[in-house]
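Derivation of every value follows stated rules applied to the coordinates shown; laboratory data play no part. The structure presented is a predicted model; accordingly, all values stated were derived computationally and were not measured. Neighbour counts are summed over all protein chains in view; Cβ atoms, including those assigned to glycine, are modelled from backbone coordinates with ideal geometry.
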Amino acid sequence: MNRFKVALHIVPRRGLLDPQGKAVADALQTLGFRSVQDVHVGRHVVLELNARDAADAEKDARAMCERLLANPVTEDFEIAAVTGGAA
Amino acid sequence: MKFGVVTFPGSNCDYDTYHAITDVLGEEAVYLWHKARDLSGVDVVILPGGFSYGDYLRPGAIARFSPIMAEVHAHAKRGAPVIAICNGFQIACEAGLLPGALLRNASLKFVSEPVRLRVENSDTLFTNRYDVGQVLTMPIAHGDGRYTADDATLDRLESEGQVILRYVHSAGDADEYWSPNGSMRAIAGIVSASGNVMGMMPHPERAVDAILGSSDGIGVFESMLARVGA
């Protein structure tokens, strides 16, 4: 078993009203960042876990997202990075 | 009839609910600690309002893993009644007892105020003391009450009569729907397909006496007595 870090992003599903993202977008516009078109605010989760290899670590993380970390009704997730393991 | 009010860490409407059942309805109630592994023989389980587990991750997301929830699932599967109010509604959705999810209010503000609710279906365990079209007043007090589901689920809820309460405009026409929290199709309360699990964001237990500004909420509990028998 090796130790891995899995970073993942959980974001509101596209198409659903995201009032927090909209509020942040408006605030950025007010600050003068006219380039901002859209903002989505989600969660960044870092897991530290033991796994045989990076593929296994990612598989575990994916199952955790499906069972708990993301709400399947309203959120999507993506695995951003898997780091660590044997040198 | 014996009601069980579940107390999770962070529940804060359990005492109000207990009061409504015992002092106003005149029925028996017990508190059920979230770590309990049996329901003490209750006929009805109530998941009360509050901020279980500090709303960590998402409201209701952690509470659904409390030991008692396995018993609540079994109770619901037997067809026995479950009333899920506010945070209880969020827990029931997270636990898969009810479809959909409750997201941050569209206004991003916590809303605490009396609202008007139209009864959409009076042929349920929880609403048979009301008439369809009747407008009730009950308070809401939540930051995450925006009912959300995909279109297929919403269509099914409507066609099967599972939408039991909708928000209506506080001043205008009673038929004019209006969401204080951005709920899809102004949904304030639903029942499960099997009809024995009910979730609602407004607080019927806080509307059980004229001194509280409304006694419209007691009908939810009285409806149970009429159907299940005391």
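Lysine pair count for the protein assembly as shown with Cα-Cα distance under 30 Å and sequence separation of 8 or more or different chains is 5.
Under a 5 Å amide H cut-off, with hydrogens placed 1.01 Å from N, A:E75 pairs with A:R13 among residues at least 5 apart or on other chains. Count Lys and Arg as plus one, Asp and Glu as minus one, and take only other residues whose Cβ is under 13 Å from that of B:N181; the net charge is then +3. Which whole number in µm²/s is D for region A:2-84 by Stokes-Einstein, with the Kirkwood Rh taken over Cα pairs at 25 °C and 0.890 mPa s? Approximately 173 µm²/s, per Stokes-Einstein. Panel order for A:L68, B:L102, by other beta carbons found within 10 Å of each beta carbon, from fewest to most: A:L68, B:L102.
Taking the longest Cα principal axis of chain A as reference, the axis of helix A:54-64 is set at about 60 degrees. Directionally averaged projected area (the protein assembly as shown, Cα convex hull): 19.2 nm².
Inter-label distance, B:K2 to B:D151: 4.8 nm, where each label sits 7 Å from its Cα along the C-beta direction.
Contact order for region B:1-131, expressed relative to its length and based on alpha carbon pairs under 8 Å spaced 6+ residues apart, stands at 22 percent.
Note on region B:140-166 and region B:180-199: Cα centroid distance 4 Å, given to the nearest whole angstrom. Shielding value for B:103-115 is 2, the average number of Cβ atoms from other chains within 10 Å of each residue's Cβ.
Here the translational diffusion coefficient of chain B follows from Stokes-Einstein with Rh set to the Kirkwood radius across Cα pairs; for 25 °C and 0.890 mPa s it amounts to 144 µm²/s. Karplus-based coupling profile of region B:208-215, in residue order and whole Hz: 10, 7, 3, 5, 8, x, 6, 10, with θ = phi - 60° in 6.51 cos²θ - 1.76 cosθ + 1.60 and x standing for Gly or Pro.
The string of couplings for region B:188-199 from the Karplus curve (6.51, -1.76, 1.60, θ = phi - 60°) is 10, x, 9, 10, 5, 4, 7, x, 9, 10, 10, x Hz, one whole number per residue in order, with x for Gly and Pro. Note on B:N12 and B:L108: the extension gain reaches 32.4 nm, defined as 0.36 nm multiplied by sequence separation minus the Cα-Cα distance.
Working note: 222 nm ellipticity from helices only, DSSP H runs with n ≥ 4, each -39,500 (n - 2.57), summed and divided by the residues of chain B, gives -5500 deg cm²/dmol to the nearest 500.
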